[in-house]
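What follows is a single structure, written as structure tokens, with notes after it.
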Amino acid sequence: MIQKTEPAKKLAGTLVMPPDKSISHRSALFAAISSSTSVIENYSTAADPQSTLSCLRQLGVPVHTEDQRVEITGVGRDGFKTPPKPLDCGNSGTTMRLLSGILAGAGIECELVGDESLSARTMKRIIDPLEQMGCAIDGREQKFAPLKIGKHTGVKPMRYPLPIASAQLKSCVLLAGLFGDEPTEVVETIPSRDHTERLLNLKTEPFGTGKIIQSSRNDVLPAQNFQIPGDFSAAAFWLVAGSIHPEAELELNRVGINPSRTGAYHILEEMGANFTQTNSTFAGKEPVADIHIKPAQLRPIDLDPKLIPNCIDELPVLMVAMCFADGKSVISGAEELRHKETDRLSAMAEILNSAGAEIELQEDGMIIYGDPNFTPRPSRFNSYHDHRMAMAAAVLSTRSVGICEIEGAECTSISYPQFWTHLHELTQS
């Protein structure tokens with residue numbers, strides 16, 4: 001699908017963000033291994049979280065859906081059935097990595113597969129610690145899907161210092177640890193998303209500048225009865241769009257503002273963005289608020305590499321914001337972007353070059369020479385079937401002087417099925 005986008009004379013309106021994907025995945029998985037029935041409201045209809053529900057059904061977990069309401073009858077740690085065919089994780093790295101932790105810990109004989117994109121992403125970072133814990137897991141070339149999981153003789157406890165800041169890796173190890181008699185400890189020195197430890201009430205304690213999180217069979221797994229908040233990663237596209245457009249006034253309702261997720265918010269504020277929050281409350285254990293966005297004159301930024309894990313998914317659209325800042329912005333320490341759905345550093349460099357931005361691509365980041373008067377050239381952008389590339393290109397297109405085209409635009413359904421409808425609403429109001 002090729003999506004044509006016209007320059008936006010203004011951006012105005014109120015939006016409700018799609019449900020948070022990260023929390024949707026986790027709420028379903030954690031509900032499945034509890035011994036209670038959970039009712040999850042506002043569950044994501046995006047393709048990735050639906051892959052998680054599909055896999056749970058194949059494992060014998062009773063899952064009933066009605067619109068965005070999901071009822072899951074937990075089968076406990078030991079109630080999974082051997083699936084009759086490979087578990088298809090689709091494009092979802094979260095499904096594959098977190099489910100691998102659970103199934104490897106449980107010792108369920110099964111195979112996890114994914115689409116072409118997911119099958120090209122490394123799984124070695126989860127295979128290695130799971131093997132150290134005594135789990136039976138193997139991959140193609142010992143690092144790619146399909147992943148084959150087998151029975152084991154017991155989950156061994158270990159203290160595992162995270163080699164990279166990754167919420168998926170952290171969660172995978174902690175979930176496998178739930179099947180061990182003695183605690184598994186994950187040592188986190190650079191913060192990453194903390195949804196897993198929040199939703200499971202896992203024991204945490206300070207450790208230097210970071211923390212240690214524990215899991216074992218002694219942890220009582222709670223039911224997951226709450227409403228999923230709006231996805232901050234989706235909101236980030238409008239935070240940027242509203243900041244760079246001179247005729248913008250946007251409101252985003254009930255957005256998740258978990259501090260381990262909102263690095264992009266604070267980076268944009270440091271660049272001079274004009275945001276306000278109202279109606280702050282909680283959705284389960286997750287903080288939410290309404291966010292109001294107005295245009296701003298953005299300043300350049302030399303991004304601290306320590307902030308990268310907290311904004312890794314938002315970096316592509318932050319690059320768009322930097323194109324409109326008054327001066328040179330530098331991103332470094334972002335090599336992880338090369339291992340996402342596509343090589344997002346190279347893909348964004350191609351998009352920005354096509355639009356006429358002045359940039360220098362680096363091995364682990366990008367230098368962007370911003371200009372408040374930057375006007376993107378009308379271009380045809382290749383999304384490489386990566387939802388965040390497509391949406392970042394769309395935000396960039398709102399400031400163009402002519403019609404732009406985005407190839408593979410249907411990929412936005414992976415995380416934000418309503419994106420093109422919302423863009424149309426904001427430009428037509």
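The values are calculated or read from the model by the stated rules, or taken from the named source; none is laboratory data. Predicted model only: the values in this text are computed from it and were never measured. Because the Cβ atoms are built from the backbone with ideal geometry, glycine has one as well, and the counts that use them run over all protein chains shown. Accessible surface areas use protein heavy atoms only, side chains included; no ligands, DNA or RNA. Shrake-Rupley method; radii C 1.70, N 1.55, O 1.52, S 1.80 Å.
Couple of notes before you dig in:
- Chain lengthening between residue 4 and residue 54 when straightened (0.36 nm per residue, less Cα-Cα): 14.7 nm
- For the chain, calculated [θ]222 nm from helices alone, where every DSSP H run of n ≥ 4 adds -39500 (n - 2.57): -9000 deg cm²/dmol
- Amide hydrogen proximity for residue 90: with H placed 1.01 Å from N in the peptide plane, the residues at 5 or more positions away or on another chain lying under 5 Å are 115.
- Among residues other than residue 213 with Cβ under 10 Å from its Cβ, the summed charge is -2 (Lys and Arg +1, Asp and Glu -1).
- Segment 51-194: C-alpha gyration tensor shape, a/c 1.5 cut-off, then a/b vs b/c: rounded
- Working note: Cα atoms of segment 197-326, range along each principal axis, descending, whole Å: 55, 32, 20.
- Projected-area average for segment 354-395 over all orientations - Cα convex hull basis, square nanometres: 3.6
- Inter-probe distance in nm under a simple model that places probes 7 Å from Cα toward Cβ, at residue 124 and residue 428: 4.9
- With R₀ set to 56 Å, the beta-carbon distance separating residue 78 from residue 209 gives a calculated FRET efficiency near 0.90.
- Shown in residue order for segment 140-154 are the 3J(HN,Hα) couplings computed by the Karplus curve 6.51 cos²θ - 1.76 cosθ + 1.60 at θ = phi - 60°: 4, 6, 6, 8, 10, 5, x, 9, 10, 10, x, 6, 9, 9, x Hz (x for Gly and Pro).
- Full-extension gain in nm, residue 225 to residue 380, via 0.36 nm per residue minus C-alpha separation: 51.4 nm
- DSSP-loop trypsin sites (Lys or Arg not before Pro) across segment 117-189, with at most 13 other Cβ within 10 angstrom: 151
- Simple spin-label estimate for residue 281 and residue 113 in nanometres, 7 Å along Cα-Cβ: 4.5
- Rounded, prolate or oblate (a/c below 1.5 giving rounded, otherwise prolate when a/b exceeds b/c) for segment 287-384 by Cα gyration tensor: rounded
- Global geometry of the chain, whether rounded, prolate or oblate, following the gyration tensor of its Cα atoms and the 1.5 cut on a/c: prolate
- Amide H within-cut-off set for residue 160, under 5 Å, with H built and near neighbours excluded: 185, 186, 187
- FRET efficiency for the pair residue 64 and residue 413, taken as 1/(1 + (r/R0)^6) with r the Cβ-Cβ distance and R0 = 35 Å, rounds to 0.95.
- A probe of 1.4 angstrom, applied to the heavy atoms of all protein chains, finds residue 421 with accessible area near 80 square angstrom.
- Accessible-area value, residue 380, 1.4 Å probe, nucleic acids and ligands omitted, Å²: 120
- Protein heavy-atom surface of the chain, 1.4 angstrom probe: 47% of the accessible area is carbon and sulfur, with nucleic acids and ligands not counted.
- 15 Å reach of a label modelled at residue 292, 7 Å along Cα-to-Cβ, counting backbone N of segment 229-268: 248-254
- Using a probe of 1.4 Å, the accessible surface attributed to residue 1 totals some 110 Å² when neighbouring protein chains are kept in position.
- Here the extension length gained between residue 181 and residue 362 equals 60.6 nm, from 0.36 nm per residue of separation less the Cα-Cα distance.
- Bridging of residue 211 to lysines at a Cα separation below 20 Å is possible for 170, 203, 285, 306, once same-chain residues fewer than 8 apart are set aside.
- Which of 215, 233, 245, positive extreme of dipole for segment 178-246 (C-beta unit charges): 245
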